[in-house]
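Take a look at the structure set out below.
The values are calculated or read from the model by the stated rules, or taken from the named source; none is laboratory data. Just so we're clear, the structure is a prediction, and the values are computed from it rather than from any experiment. Heads up, the Cβs are rebuilt from the backbone with ideal geometry, glycines too, and the neighbour counts pull from every protein chain shown.
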Amino acid sequence: MILVQEILVSDDVVKQHFLCDLNACKGACCWEGDFGAPLEDNEILTLQSIYPDIKHLLPEISRQVIAEEGVSNYSEEAGENGTSLLKSGACVFMIMENGRAKCGIEKAWELGLTDFKKPISCHLYPIRIKKSDHFEAMNYDRWDICSAACKAGKKAKLPLYVFLKDAIIRKYGEAFYEELDAAAGYMNGDG
């Protein structure tokens with residue numbers, strides 16, 4: 001672990017290589033798993049406020065679930081709020097384009113319907129943020145559905161934190177990323 005601006009960063013975030021390969025996984029992280037995408041409290045409010053502007057992009061079944069359950073649910077097991085899920089396990093905001101899962105929120109952002117790109121947990125994936133009363137940590141979430149992304153990242157020699165540069169800057173700011181990059185260079189013998 002390294003410490004960057006009071007955030008604990010797993011060595012894997014710096015050492016693991018990663019490059020999403022949507023042709024291989026088809027966006028399975030949007031429909032696999034036991035919980036919805038983790039949401040920060042302010043993101044729940046944001047999703048509730050932008051939902052009227054983006055709901056036309058979502059499948060009817062998603063709109064039905066959101067009408068019944070809302071945009072989010074609290075998971076006792078995960079200990080956090082996450083996006084609501086369909087019975088199939090898919091995120092209610094998932095849409096399909098060209099045989100691949102895509103975030104309906106991000107589609108709305110691309111169309112200029114909202115200035116909210118998508119939940120930060122989705123933007124940062126496969127990094128997961130763990131918070132407690134005493135610390136906040138960035139961890140790499142290993143999942144077999146991302147094995148093609150690991151291979152592609154290794155081939156491209158693209159570290160995970162570099163692949164997720166925009167998301168890390170969105171979450172923690174440019175200065176944090178620069179410090180992380182310097183620490184990574186030192187860890188990897190470049191500094």
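Within segment 159-175, how many residues turn out to be surrounded by fewer than 16 Cβ atoms within 10 Å (Cβ to Cβ) and either closer than 18 Å to N81 by Cα or touching a residue at least 24 places away in the same chain (Cβ under 8 Å) (or both)? Spell out the reasoning first.
Kept after step one, since they are surrounded by fewer than 16 Cβ atoms within 10 Å (Cβ to Cβ), are these residues of segment 159-175: 165-166, 169-170, 173-175.
Then drop every residue that is not either closer than 18 Å to N81 by Cα or touching a residue at least 24 places away in the same chain (Cβ under 8 Å) (or both), which leaves 166, 170, 175.
Summing the residues that are surrounded by fewer than 16 Cβ atoms within 10 Å (Cβ to Cβ) and either closer than 18 Å to N81 by Cα or touching a residue at least 24 places away in the same chain (Cβ under 8 Å) (or both) in segment 159-175 gives 3.
Against the condition of a type outside the set (K, R) and modelled with pLDDT under 90, how does G173 come out, does it pass? No. Checking each residue in segment 59-76 for being within 19 Å of the chain's Cα centre (by Cα) and either in contact (Cβ under 8 Å) with a residue 40 or more places away in the chain or under 16 Å from E32 (Cα atoms) (or both) picks out only S75.
Here is a yes/no grid of residues against (1) at pLDDT 95 or above; (2) more than 21 Å from C25 (Cα to Cα); (3) out of contact with any His (no Cβ under 9 Å at 6 or more places or on another chain):
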{"residue": "V65", "(1), (2), (3)": "yes, yes, yes"}
{"residue": "Y74", "(1), (2), (3)": "no, yes, yes"}
{"residue": "E80", "(1), (2), (3)": "no, yes, yes"}
{"residue": "S88", "(1), (2), (3)": "no, no, yes"}
{"residue": "G99", "(1), (2), (3)": "no, no, yes"}
{"residue": "W109", "(1), (2), (3)": "yes, yes, yes"}
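Of the residues examined, Y186 is not one that is buried (at least 20 other Cβ atoms within 10 Å of the Cβ), free of Cβ contacts under 8 Å to residues at least 24 places away in the same chain and either outside the structural domain of M1 (by TED's automatic domain parsing) or of a type outside the set (K, R) (or both). So, in segment 96-112, how many residues would count as being under 14 Å from P52 (Cα atoms) and of a type in the set (D, E, K, R)? Result for segment 96-112: 0. For the criterion of being in contact (Cβ under 8 Å) with a residue 40 or more places away in the chain, within 15 Å of the chain's Cα centre (by Cα) and not assigned by TED's automatic domain parsing to the domain that holds K55, A90 fails.
Just to be sure I understand, how many residues within segment 116-132 are surrounded by fewer than 16 Cβ atoms within 10 Å (Cβ to Cβ) and basic (K, R)?
Just the residues of segment 116-132 that are surrounded by fewer than 16 Cβ atoms within 10 Å (Cβ to Cβ), to begin with: 128, 130-132.
Going one step further and asking which of them are basic (K, R), we end up with 128, 130-131.
Residues meeting the conditions: 3.
List the number of the failed condition for G112; all other conditions in (1) surrounded by fewer than 21 Cβ atoms within 10 Å (Cβ to Cβ); (2) part of a helix (DSSP H, G or I); (3) outside the structural domain of K171 (by TED's automatic domain parsing); (4) of a type outside the set (S, T, Y) hold. Status for G112: all satisfied but (2). Annotation note: of I44, I2, the sole residue that is of a type in the set (A, V, I, L, M), modelled with pLDDT of 90 or more and outside the structural domain of K154 (by TED's automatic domain parsing) is I44.
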